[in-house]
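Each value in this text was obtained by applying a stated rule to the coordinates, not by laboratory testing. Computed from a prediction, not measured in an experiment: that's the story for all the values here. A quick note on method: Cβ atoms are made from the backbone with ideal geometry, for glycine too, and the neighbour counts reach across all protein chains shown.
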């Protein structure tokens, strides 16, 4: 025979029905929250980016680099880096191509939490004189309007990135040409236009410092 | 409604769920205080007949929200999202059937199930906050679990919503069944045993 664990003497428990319209209150609360959400959204509106370009075609000159393997090796070391031609978020022409000085390409995806963590570190490093004598450019890739932290141009700007940014295409033409295997991604090109190093992920700035120092030696 | 409006709606529901759970915890911890004990008893008695149905409603809304994000908003679920779905979807199904049949016996198992799902949500929240917990410092283009597809009110993300739903469902399943329902369940068991 079952023994009630507790003695219930209250009227509601005895009757098994409530005196308060609980279901009605719940439904009213849910509807009220829906109305509030709709009203707030209508009143505040979606933040639309100013006239910026977040995805654009990229022209590639030269042979694409092989994708960076995850085993620590890099078959692209010493290979000539392809030239990339496209536009910046404000629509002006931007090219990533070897010049007279070494080149560091910083590849980031706006929705990627590791990129969101790494970009401020890179900016701080650059502000403190990192990559001295090296041309630094950004590549905004994998842009997805349905993903968080949209638009990418606002993110780069918000993080204090004051170097040129090339906008990648919808099918990530530029990233594929550089052999990007994950985000964030870095490509260091020596003054002869050949790949000196590639890194994927949050690497901090020490490997970049070391690799740039090795270029000088 | 736009995705933004729906996300804000779900976020407000999560806040409401949090308030109920916090109130329940305060009621439980403060039951030595007569005023709190009296209020708690009144509220619990009023909610008691509907607790199982409300838990089913909470799990169903969470299930619908999950499907909305993947099928309407187009946010691809990550691995941890799928694990949480593995807890939430059966929970909704079981609770809806139990509520329809008035079978309160599922509540202990369902409560444990909901808490296990909530534990996965906590882990997902930690991964969101500390992406390195994924075991990699690289964003796989194929959708890591650290992406915050939604962030409303500054802190409410999808796993936070899931955690809120799991906790509210578990809290509602803590409410003892109405007395006559307990007897009905016992009678069912006795009938089964005498067969």
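Once the Cα atoms are used to define both axes, helix B:51-67 deviates from the longest principal axis of chain B by about 20 degrees. With everything on Cα atoms, drop me the angle between helix B:158-174 and the longest principal axis of chain B, reported from 0 to 90° to the nearest 10. Taking the Cα atoms of chain B, the angle to B:158-174 is about 10 degrees. Per residue of peptide B:41-47, the mean number of Cβ atoms on other chains within 10 Å of the residue Cβ is 6.
With helices as the sole contributors, chain B gives -24000 deg cm²/dmol at 222 nm; each DSSP H run of n ≥ 4 counts as -39500 (n - 2.57), and the sum is divided by every residue.
Fewest-first ordering of A:38, B:163 by other beta carbons within 10 Å of each residue's beta carbon gives A:38, B:163.
For the protein assembly as shown, just run the numbers: alpha carbon Rg, then divide by 2.2 N^0.38 Å, N being how many residues it has.
Rg over 2.2 N^0.38 Å, computed on Cα atoms: 1.29.
The three principal axes of the C-alpha atoms in the range B:1-145 carry coordinate ranges of 55, 34, 33 Å, sorted with the longest axis first.
Computed on chain A, with alpha-carbon pairs under 8 angstrom and 6+ residues apart, the relative contact order is 25 percent. Taking every DSSP beta bridge that has both ends in the protein assembly as shown, the antiparallel portion is near 70%. Ordering B:161, B:6 by the number of other Cβ atoms within 10 Å of each residue's own Cβ, fewest first, gives B:6, B:161. Exposure proxy shown here: for A:157, A:63, A:54, the number of other Cβ atoms within 10 Å sets the order, fewest to most, as A:63, A:157, A:54.
Fully extending the segment from residue A:71 to residue A:132, taken as 0.36 nm per residue of separation minus the present Cα-Cα distance, adds 19.0 nm. Seen against the Cα atoms of chain A and their longest principal axis, helix A:22-44 is set at about 30 degrees. In units of the compact-protein estimate 2.2 N^0.38 Å, the range A:47-154 shows a Cα radius of gyration of 1.16. Here the label points at residue A:42 and residue B:100, each 7 Å from Cα along the C-beta direction, are separated by 3.6 nm in the simple model.
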